[in-house]
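Structure, as structure tokens:
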Amino acid sequence: MKLWLTALALAAALGSAHAQDFNWRKDAGTTITFLSSNHPWANSVLKYKDEFTKLTGITVKVDTYQEQQMRQRLMTVMNANSDEVDLFMSLPSREGAQFAKAGWYANLEPFITKDVSKDYDFGDFSKGLVAAETHGSLVSGIPLNIEGPVLYYRKDIFKKCGVTPPKSLDDLLSVAKKIKACDPSITPFVSRGLKGALPYTFSVFLHNMGGSYMTAQRKSDLCSAAGKAALTLYATLLRDYGPPGVVNYNFYQISSLYRDGKAAMAFESSNELKSVMEGGARLNDTGVMLLPPGPGGSHPTVIGWGISVSAHSKHKEAAWYFVQWATSPAMQARLALMGIAPPRASVANDPSYRKWIDAEPVRREWIDAIDQANATGTSEVGYPIVANIASRDYIGQAVDDLLLGQKPVQQACAEADRELDALIAKD
Amino acid sequence: MSTTAGPSGSLTALALPAVVFTLLMIAFPFAYTLWLSFQSYTLGSSEHFAGAGNYLQLLNDPLFWNGIRITLVLYVLSLGLQLGLGTYIAVLLHGSKRFADVLRSLLISPFVLPPVVVGMMWLVILDPAIGAANWILQIAGLPRSDWLASPRWVIPTVALIDSWQWTPFVALIVLGGLQSLPPSVYEAAQIDGASRTGTFWRVTFPLLLPSIVTAAVLRSVDLLRFFDIIYITTQGGPNDASNTLNIYGFRQGFEFFNIGYASAIMITLSTIVLGAVLAMSYARRRAQW
């Protein structure tokens, strides 16, 4: 894989020889359809889509859905081999392997190497995110952002209760306990409890605890000592220190609870910064950090959304032009100022972006956490198998069994391992 | 012969495209789903004929049986609530002389609301931390509830939400039935000295049965394939406690991309709905007077 990525970066660099023939208006008059998720990246970039039309003469029709509904629409269109969608957003850490195996992605490799404008620097993207978009010789998409779960915490409440930011996973529990005793009206800790959504946050607990989802022999390993410790800690934090009804919590309930000043710690996506800071109430009292290390060290989760061209599109070139425009250094620098953490190194070092970061201390802590996650993190959310999405449900089931007090940890992890072994065997 | 066959022949010819179109629109998706249910087809793997494999897998799938159980419990609870309360409200409205028009207009309002709005509205009201429902319980000195977040209470809560929306619909159907009853039977009951309760159970209720069964048929179809409010509020949780057969089939198909297996679940659900509707239609014919 490393060799392939190096070759791709080299080819992309050589491809700049073609850049002088590059013509933005080659496909003028074409209309392309973009299936988009209601994601901060899409909401920000689409404000400028008229500029793309002016530059290229290509019209972009946008269909926006909530994340899950977008996948349903995609499934209907792609299953019918329809060319109705030219471009779509995709989360490679979740569905990349499955969509690639189903043949839904057009290979962007020839476009990256042969049809690029001179200022499009493919080698500038985060290596980890490009690796997640690479399946053998197929490049399934271009990274749009970089994100991962971070711990938002209330500095004022910490000060009032005489606690310092947790330095280890064990610390997290004792901090939550002290906050509960100090101010019972505040929810000490909140994170995801919704079955299908929680592996995103739980995975960091598992990895920091020293666990992994699969053994070298490709057996599910939730019942390892580290696995059981992670399950127990995560469920205990939510059950004893989380809000009532946390079992149904996803990102929007978490952001809203924290933004309203009702939670002292929220472990949620870095992407939620904008939502958390909405209204400005949390701007001056919030700190951001990675989940503290555990016995296994620090292994933050880092993922990114990508934009892909449909294998059934009849306008692949025009679609690629939109991809190129939307992921260009110039556009990503503009989006960075709206809180979309950039997947390009050059943008991360851009002076206007650094100035934006330095304007608020919370932004500095936020980007430090993301940079650290980018440098040391893993994109393993759920099992590294084609049926990754189904695997997340079993992880969520095991956590919720404990959270709801329905099963002891041994039974919950053993049942999950049994189901997951069957899933791995089909891979 | 030619004088009668001509117009009838041209009527058939005129109606034929519409009939064929309608049949295709119903028959094609059903036949395609039926065909898929006999395939082993998961996104990313090759598709091949699986015989009755998907149906045999259903028999050994605890989540399928969980889905059947939840679907039936929700059906019985909701239908019972809606028919009971709907009939009661209809009788009250029938006897009400003042504000009858205003009350009828108000009754329509819940079921014209889109299910998404209803789901979101109740999600906020029933939020265990900040919702109004727990605030009211607290004022009344009752213990707080986790409502939709409690595996024990999630189905009764969903039944309550659905009944809030659809009881007025049942009430309007039953009210229509009440208004069409012949006054002579009441005069006869009055002459015979029947009490008000006796008149209701021995005269009104038997005569109303066809209307009540009609409402039951209409609600049964919706209740057995219950989806929208659960999808918006709990997505089948917590821990599959509201994972109805329809939600389970949907998740298998559109989240896990197990198309063949999801089709088998949906064909089974369609068979259950069809069976219930046929049974209800039979009951309605028996109740006709």
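Taking the Cβ of residue B:46 as the center, what net charge do the other residues with Cβ under 14 Å away carry, scoring Lys and Arg +1 and Asp and Glu -1?
Net charge in that neighbourhood comes out at +1.
Scale the Cα Rg of the range A:75-158 by the rule-of-thumb value 2.2 N^0.38 Å and send over the ratio, two decimals.
The value comes to 1.42.
Need the full-extension length gain, residue B:88 to residue B:76, defined as separation in residues times 0.36 nm minus the C-alpha distance. One decimal, nm.
Fully extending the segment from residue B:88 to residue B:76 adds 2.5 nm.
Using only DSSP helix segments of four residues or longer, with each worth -39500 (n - 2.57), what per-residue ellipticity at 222 nm results for chain A after dividing by its residue count and rounding to 500?
-14000 deg cm²/dmol, from helical runs alone.
Take the alpha carbon atoms of the range A:35-51, find their center, do the same for the range A:56-98, and report the distance between the two centers in whole angstrom.
What the calculation gives is 14 Å, centre to centre.
Within the set of other residues whose C-beta is less than 15 Å from the C-beta of residue A:122, count the net charge using Lys and Arg as +1 and Asp and Glu as -1.
Net local charge, residue A:122 excluded: -2.
Measuring from centroid to centroid over Cα atoms, what is the spacing of the range A:145-170 and the range B:160-198 in Å?
Answer, in whole Å: 62.
Per residue of A:238-251, how many C-beta atoms from partner chains lie within 10 Å of its own C-beta, taken as a mean?
Mean shielding count: 5.
For a Förster distance of 45 Å, can you work out the FRET efficiency between the beta-carbons of residue A:406 and residue A:283, rounded to the nearest 0.05?
The computed FRET efficiency comes out at 0.65.
Take peptides B:254-265, A:72-83 and line them up by average Cβ neighbours within 10 Å, highest first, as a rough protection proxy.
B:254-265, A:72-83
Just want the ordering: A:67, A:147, A:109, from fewest to most Cβ atoms lying within 10 Å of their own Cβ.
Fewest to most other Cβ atoms nearby, the residues stand as A:67, A:109, A:147.
In degrees, nearest 10, range 0 to 90: what is the angle between the Cα axis of helix A:67-79 and the longest Cα principal axis of chain A?
Once rounded, the angle reads 40 degrees.
Ranked highest first by average number of other Cβ atoms within 10 Å, how do A:23-29, A:263-269 line up?
Answer by packing, highest mean first, reads A:263-269, A:23-29.
Please label the shape of the range B:1-106 as rounded, prolate or oblate, based on the square roots a ≥ b ≥ c of the eigenvalues of the alpha-carbon gyration tensor (a/c under 1.5 means rounded; beyond that, a/b larger than b/c means prolate, else oblate).
Oblate, since a/c reaches 1.5 and b/c is not below a/b.
Express in whole angstrom the spacing between the alpha-carbon centres of the range A:211-268 and the range A:325-387.
24 Å
Can you compute the helix-only [θ] at 222 nm over chain B? Use -39500 (n - 2.57) per DSSP H run of at least 4 residues, normalise by all residues, nearest 500 deg cm²/dmol.
Value at 222 nm, helices only, nearest 500: -24000 deg cm²/dmol.
Which angle between 0 and 90 degrees, to the nearest 10, do you get for helix A:388-403 versus the longest principal axis of chain A when only C-alpha atoms count?
Around 20 degrees separate the two axes.
Which of the listed residues, B:36, B:271, A:291, is farthest toward the dipole's positive end in the protein assembly as shown, when Lys, Arg count +1 and Asp, Glu count -1 at the beta-carbon?
The Cα lying farthest towards the positive end belongs to B:271.
Work out Dmax and Rg for the range B:51-287 from the C-alpha atoms and quote the Rg first, both in angstrom.
Calculated on Cα positions, Rg and Dmax stand at 20.8, 67 Å.
Counting pairs of alpha carbon atoms under 8 Å apart in space and at least six apart in sequence, what relative contact order in percent does chain A give?
24 percent
Using Cα pairs closer than 8 Å and at least 6 residues apart in sequence, work out the relative contact order for the range B:75-171, in percent.
45 percent
Starting with the highest mean, order A:201-210, B:128-137 by the number of other Cβ atoms within 10 Å, averaged over the residues of each peptide.
My ranking of the peptides, most packed first, is A:201-210, B:128-137.
Quick check: net charge around residue A:415, other residues with Cβ under 9 Å of its Cβ, Lys/Arg +1 and Asp/Glu -1?
Result for the neighbourhood of residue A:415: -1.
Classify the range B:169-244 from the C-alpha gyration tensor, please: rounded if a/c falls under 1.5, else prolate or oblate depending on whether a/b exceeds b/c.
prolate
Starting from the Kirkwood Rh over alpha-carbon pairs, what translational D in µm² s⁻¹ does chain A have by Stokes-Einstein at 20 °C and 1.002 mPa s?
Once the numbers are plugged in, D ends up at 96 µm²/s.
Across the residues of B:205-218, average count of Cβ atoms on other protein chains within 10 Å?
0
For B:145-156, what's the mean count of beta carbons from other chains sitting within 10 Å of each residue's beta carbon?
So the per-residue partner count for this stretch is 3.
Gaussian network model of chain B, Cα springs within a sub-10 Å range: biggest mean-square fluctuation belongs to which of B:209, B:11, B:59?
Evaluated over chain B, the most mobile residue of the options is B:11.
Go ahead and run the numbers for FRET between residue B:97 and residue B:22, Cβ-Cβ distance against an R0 of 56 Å, rounding to 0.05.
After rounding to 0.05, the efficiency reads 0.80.
Counting pairs of alpha carbon atoms under 8 Å apart in space and at least six apart in sequence, what relative contact order in percent does chain B give?
Normalised by residue count, the contact order of chain B is 29 percent.
Bear in mind that the values in this text are calculations on the coordinates, not laboratory data. Being a predicted model, the structure only gives us computed values, none of them experimental. For neighbour counting, all protein chains shown are included, and Cβ atoms are generated from backbone atoms with ideal geometry for every residue, glycine included.
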